[in-house]
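All remarks here apply to the structure that follows.
Rule-based calculations on the coordinates, nothing more; no lab input. Computed from a predicted model, the values in this text were never measured in an experiment. Neighbour counts are summed over all protein chains in view; Cβ atoms, including those assigned to glycine, are modelled from backbone coordinates with ideal geometry.
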Amino acid sequence: MELILDVHTRLDPPEAVTLCREIEAARPYFVEDPLRSEGLDAYRMLRARTAVPLAAGEQFGSKWEFQRLVEPDLIDYARVDVGVAAGLTEARKIAAMCETHYIKLATHNPLGPVTAASSLHLNLATPNAAVQEHQAQPEPAIDALFTSRPTIRGGRVELPELPGLGVDIDRAAARRHQAVAAERPHLRTPDGAFTNW
């Protein structure tokens, strides 16, 4: 069993250093988003002060955003999200750039079966794939729309036999489905300011 800690950008640099140094003995697989990814100087500082493997990037939408963390070797795992990173072609370019720096992929997938299937195909075509995040079950209203989607057995995503991504939907049920925007949590810091969820 591996330990992955998703901090979700909730820490300031001194707090991130303290957390990462305190958990070094636990040898986590990685610590995800200990800091906001836009702060390269903060990542440089954190990288110099801890041996914990670092992961970031799930909010990035292009190879150019990843380049800022990959080229100076500030992360160990790239959290590529195929749905956010403009699709499989851009994600494959990010994976290739990461490979030249010995950075592994830890594909991000909170979105459901289509992104899970896309991530699976990316990982199958990528020598530096490490781990894939996967929703065990999509939300019930969405789950009923899929007639075929990625299957998990023994902690692994199985290769689908259908053509394309290996995902199919009940088109009649999809036409009847009413999409509803979900309200995200509204979190606050101790001083009352809004913060990332």
- Query: Anyone know which of 80, 167, 157 comes out most mobile in the 10 Å Cα GNM of the chain?
  - Reply: 157
- Query: Using the Karplus equation 6.51 cos²θ - 1.76 cosθ + 1.60 (θ = phi - 60°), what ³J(HN,Hα) coupling, rounded to whole Hz, does each residue of region 120-133 give in order, writing x for Gly and Pro?
  - Reply: 4, 5, 4, 5, 5, 9, 10, x, 9, 6, 10, 8, 10, 6
- Task: May I ask what percent, to the nearest 5, of DSSP beta bridges between residues of the chain are antiparallel?
- Result: 35 percent
- Message: I need the phi-derived Karplus couplings for region 165-171: 6.51 cos²θ - 1.76 cosθ + 1.60, θ = phi - 60°, integer Hz, Gly and Pro marked x.
- Response: 6, x, 10, 9, 10, 7, 4
- Honestly region 38-101 on the Cα gyration tensor test (a ≥ b ≥ c root eigenvalues; a/c under 1.5 rounded, otherwise a/b vs b/c for prolate or oblate) is just prolate
- Based on the mean of other beta carbon atoms within 10 Å per residue, what is the order of 31-43, 12-24, most packed first? 31-43, 12-24
- Message: Please list, by residue number, every one of the GluC sites (Glu not before Pro) in region 133-162 that is coil in DSSP and has at most 10 other beta-carbon atoms within 10 Å.
- Response: 161
- MRE, 222 nm, helices only [DSSP H, n ≥ 4, -39500 (n - 2.57), over the chain, to nearest 500]: -9000 deg cm²/dmol
- Item | Within region 1-93: Cβ-based charge dipole about Cα centre, in debye rounded to nearest 20 (Lys, Arg +1; Asp, Glu -1) | 200 debye
- Query: Just how large is the dipole of the chain about the Cα centre, in debye to the nearest 20, putting +1 at every Lys and Arg Cβ and -1 at every Asp and Glu Cβ?
  - Reply: 260 debye
- Message: Pairs of alpha-carbon atoms within less than 8 angstrom and 6+ residues apart define the contacts here; what relative contact order does the chain have, in percent?
- Response: 13 percent
